[in-house]
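First the structure, in the form of structure tokens, and then the observations on it.
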Amino acid sequence: MLPRSSSPARPSTDALNMTSGSAEATRELAGRLAAAAEPGDLIALIGDLGAGKTQFAKGFAAGLGVTGTVNSPSFVLMAEYAGRLPLFHLDLYRLADGPEALAAGLLDERQAEGVTLIEWAERLGSALPMERLEVRIDGTGDEPRTIGLIASSPLLRRYLEVAA
């Protein structure tokens, strides 16, 4: 079982754990989740280096109808893609903490029009918005991944419904 975030305890109906046996399966799951995306949603990706966060981002982007190549924006910090909804893809791996991300202007009002997907979201610390779909990916290398989905509000349960 994946550890939960440090936010207040939630009922078990707000969480779903599943197993992904491949990068393709991770992308397929993310593509299904993208069907539930609505403007203003925030997807927080948490997992070790090599867990599959970028594979998830690629699948989510494809599910939104993004046709361009999606890569981890480690050096530019944020990439924006056009799809059914705008996708704001952030990678905070190179940032030390939340205030550094906020000072860089990585979270702004434009994101209310689309979906914000953040790799290494835990680096935001207390600046990470409470309302989010948390995607915890556990596992690396060739082993299967355990993917935990945690909806922080009843409005985000729609993601769990399309994943099941």
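The values are calculated or read from the model by the stated rules, or taken from the named source; none is laboratory data. Not measured: the values here are computed from a predicted model. Neighbour counts run over all protein chains shown; Cβ positions are idealised from the backbone, glycine included.
Before moving on, here are some points about what is shown:
- Subset of segment 33-69 [of a type in the set (Val, Ile, Thr), in contact (Cβ under 8 Å) with a residue 24 or more places away in the chain and over 17 Å from Asp142 (Cβ atoms)]: Ile43, Ile46
- Taken over segment 27-52, the criterion of being farther than 17 Å from Leu90 by Cα and in a helix (DSSP H, G or I) is satisfied by Arg27, Glu28, Leu29, Gly31, Arg32, Leu33.
- Note on segment 53-164: enclosed strands (runs of 3 or more DSSP E) holding 2 or more residues that are at pLDDT below 90 and farther than 14 Å from Glu38 by Cβ are 78-81, 87-91.
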